[in-house]
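Visitor: Here it is, the structure in full.
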Amino acid sequence: MTTAEQLLSWLGEEAPERMEELRREADRTRAEVVGDEVHLRGLIELSNRCQRSCLYCGLRAARRDLPRYRMSGLEVLRCARLAATLGCGTVVLQAGEDLSLSIEWLSRLIREIKGSLGVAVTLSLGELPLASYEGLRRAGADRVLLRFETSNRTLYERLHPPRPGEPVVDRVELLRELRGLGYEVGGGVIIGLPGQTLGSVADDLLLCRELDLDMVALGPYVAHPATPLGRHPPEAAVGQAPASAELTRRALCLARRLCPEANIPSTRALFEVDAGSHTGGLQSGANVVMINVTPPAEQRLYEIYPTREILDPVEVRASLVSSFERLGRVPGRGTGPRRLASAASMSLR
Ligand code: SAH
Ligand code: SF4
C-alpha cells in the first residue's frame with residue numbers, strides 16, 4: 001500500500017538513479033497490466049464557448065477578446081470520420097462548459113458517430129446536469145472525462161469558481177454519480193497550479209486510486225497571459241509543485257502504480273512542455289495519446305493555454321507510429337476501454 005508520505009518522497013526525489021528506477025517500474029507495470037498497445041483518441045474541440053471563469057483557463061467566459069465558435073453537426077462528423085480513418089478507436093467530444101449545447105443535438109451526434117463509425121465516444125463537456133449526462137448515456141456515450149483539477153478544496157474553489165449565482169459543483173461527487181450511470185469515468189488534475197504543493201499532488205494521486213478511475217489524465221499547468229492567474233501569478237509558496245515535464249512524468253509513473261489498469265494519456269500539455277514529444281510520457285506509464293482532429297481555424301481559437309503550433313493530424317499519426325516502433329509499442333486496436341487486470345493477466349504471454 002503506497003502512502004501519502006511515500007508518494008511525497010518520490011515526488012521530491014532528487015537522485016536520478018532512483019527516478020530511473022521509478023520510471024522502469026511504471027513501464028513494467030504498464031506492459032504487464034495494459035500491454036504494449038497505445039490507444040489513439042481523436043480529440044474534437046466542438047465549441048470554445050464557456051459560461052465559467054476558471055482562473056487558469058484561456059476559454060473563460062470573462063475573456064472578451066477571444067472570438068467564439070460552435071461547430072455544426074456535419075463539421076463534427078467530418079472530424080470523427082477523420083479520427084476513425086487515422087485509427088482512433090475513440091472520439092473525445094470536448095468543449096467549454098456551454099449549457100446551451102442542446103442535449104438532443106448532442107444525442108443525435110453521438111448516435112450518428114457510433115452508428116456509422118463504430119468508435120467509442122468520450123464526453124469532456126464539464127459539469128453538465130446529471131439528467132443531461134443520463135440522456136447522453138442513453139444515446140450511447142461510453143465515457144466521461146472530468147478532471148477534478150486539484151484535491152485541495154480551498155484551491156479548487158478559488159481557481160474554479162461556480163457559475164454566477166450557482167453553488168459549487170463537487171466534481172468528485174459528480175464522477176461517482178457518472179459511474180453510477182454506467183459511464184467509464186476519467187478524472188485527474190493540473191500539475192503545478194500556483195498554490196498547489198507536492199503534498200497536494202500526493203493527495204491528488206491517492207484520490208485517483210480511491211475513485212478507482214478508469215482514466216487518469218494529468219497535465220502540467222501552462223500559464224495563459226489572458227487569464228488572471230497567468231497575468232498575476234501569486235508568489236511561489238514553500239513546497240510549490242513545479243509545472244514541469246519532470247514532475248508530470250513522475251506523477252504519471254505513480255498514477256500507473258496506484259491505478260495499474262487505468263488508461264493513462266500522455267497529454268497535450270505535457271507534449272507542450274516536454275520538447276514536443278510524447279516519448280517521455282509513454283515511457284512513464286502512459287498508454288494513450290490524443291490526436292487533435294479539430295480543423296485548424298477552430299483549433300486556433302480553442303485556446304485553453306497558448307500552444308506551440310497547430311499540427312497536421314495525418315503527420316502526427318505517422319510520427320507517433322514511428323516513435324511506437326522505437327519504443328516497442330504498437331497502435332491500439334478496437335475502442336480501448338479500461339482492461340480489467342484479471343482479463344489482462346489472462347492474455348499475458
Ligand atoms: N470545459 C471542460 C472541458 C474542457 S477544459 C472542463 O472544464 O472539464 C479541459 C481541461 O483543460 C480542464 O479540465 C483543465 O484541466 C485543463 N486546463 C485548462 N486550463 C489549463 C491551463 N492553463 N494549463 C493546463 N491545463 C489547463
Ligand atoms: Fe471553461 Fe473548462 Fe476552461 Fe473552466 S476549464 S473555463 S469550464 S473550458
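Visitor: Please go through segment 159-213 and give me each residue that is basic (Lys, Arg) and either touching a Gly at 6+ places or on another chain (Cβ under 6 Å) or more than 26 Å from Arg250 (Cα to Cα) (or both), ordered by number.
Guide: Arg163, Arg176, Arg179
Visitor: Right, something else. Can we say Thr150 is touching a Leu at 6+ places or on another chain (Cβ under 8 Å) and hydroxyl-bearing (Ser, Thr, Tyr)?
Guide: Yes; evaluated as a whole, the condition is true for this residue.
Visitor: Of the conditions (1) closer than 22 Å to Gly35 by Cα; (2) out of contact with any strand residue (DSSP E or B) (no Cβ under 7 Å at 6 or more places or on another chain), Thr267 fails just one. Which one is it?
Guide: Going through the list (1) closer than 22 Å to Gly35 by Cα; (2) out of contact with any strand residue (DSSP E or B) (no Cβ under 7 Å at 6 or more places or on another chain), Thr267 breaks only (2).
Visitor: Mind listing just one residue for me: the one in segment 316-328 that is surrounded by 15 or more Cβ atoms within 10 Å (Cβ to Cβ) and in contact (Cβ under 8 Å) with a residue 60 or more places away in the chain and, of those, farthest from Gly281 (Cα to Cα)?
Guide: Arg317
Visitor: If you don't mind, there's one more thing I want to ask. Please specify each residue of segment 298-331 satisfying the condition of being touching a helix residue (DSSP H, G or I) at 6+ places or on another chain (Cβ under 9 Å), more than 22 Å from Gln94 (Cα to Cα) and polar (S, T, N, Q).
Guide: Selection gives Ser323 alone.
Visitor: Suppose we filter segment 174-195 for residues that are more than 14 Å from ligand 1 (Cβ to nearest atom) and either in contact with a helix residue (DSSP H, G or I) (Cβ under 8 Å, 6 or more places away or on another chain) or in a helix (DSSP H, G or I) (or both); how many remain?
Guide: 7
Visitor: Right, something else. How many residues, within segment 186-213, are surrounded by 24 or more Cβ atoms within 10 Å (Cβ to Cβ) and either more than 16 Å from ligand 2 (Cβ to nearest atom) or at pLDDT below 95 (or both)?
Guide: Within segment 186-213, residues that are surrounded by 24 or more Cβ atoms within 10 Å (Cβ to Cβ) and either more than 16 Å from ligand 2 (Cβ to nearest atom) or at pLDDT below 95 (or both) number 6.
Visitor: On to the next question. Looking only at segment 207-224, filter to residues that are touching a Leu at 6+ places or on another chain (Cβ under 7 Å) and part of a helix (DSSP H, G or I); which one of those is nearest to Leu59 (Cα to Cα)?
Guide: Looking at residues that are touching a Leu at 6+ places or on another chain (Cβ under 7 Å) and part of a helix (DSSP H, G or I), I get Cys208.
Visitor: Still on this structure: Mind checking which pairs have a first residue in segment 95-124 that is within 16 Å of Arg138 (Cβ to Cβ) and a second that is assigned to a loop (DSSP other than H, G, I, E, B) and within 16 Å of ligand 1 (Cβ to nearest atom), Cβ under 6 Å, 6 or more apart or different chains?
Guide: Going by the 6 Å Cβ cut-off, the qualifying pairs are Ile110/Ala141; Val121/Ala141; Leu123/Ala141.
Visitor: If you don't mind, there's one more thing I want to ask. Looking at Ser284, Ser322, which one is modelled with pLDDT of 95 or more and in a loop (DSSP other than H, G, I, E, B)?
Guide: Answer to the selection: Ser284.
Visitor: Give me the pairs: first residue in segment 299-315 and more than 23 Å from Leu55 (Cα to Cα) and more than 16 Å from ligand 1 (Cβ to nearest atom), second residue among the β-branched types (Val, Ile, Thr) and assigned to a loop (DSSP other than H, G, I, E, B), beta-carbon distance under 8 Å, and six or more apart or on different chains, which are they?
Guide: Note: pairs meeting the criteria are Pro313/Val293.
Visitor: Has segment 25-48 got at least one residue that is surrounded by fewer than 19 Cβ atoms within 10 Å (Cβ to Cβ), farther than 30 Å from Ile113 by Cα, within 13 Å of ligand 2 (Cβ to nearest atom) and without any contact (Cβ under 8 Å) to a residue 12 or more places away in the chain?
Guide: Within segment 25-48, not a single residue is surrounded by fewer than 19 Cβ atoms within 10 Å (Cβ to Cβ), farther than 30 Å from Ile113 by Cα, within 13 Å of ligand 2 (Cβ to nearest atom) and without any contact (Cβ under 8 Å) to a residue 12 or more places away in the chain.
Visitor: For segment 270-288, which residues satisfy the criterion of being in contact with a Gly (Cβ under 8 Å, 6 or more places away or on another chain) and either over 21 Å from Leu211 (Cβ atoms) or free of Cβ contacts under 8 Å to residues at least 40 places away in the same chain (or both)?
Guide: The answer is Leu270, Phe271, Asp274.
The values are calculated or read from the model by the stated rules, or taken from the named source; none is laboratory data. All figures in this text were calculated on a predicted structure; none of them were measured in a lab. Because the Cβ atoms are built from the backbone with ideal geometry, glycine has one as well, and the counts that use them run over all protein chains shown.
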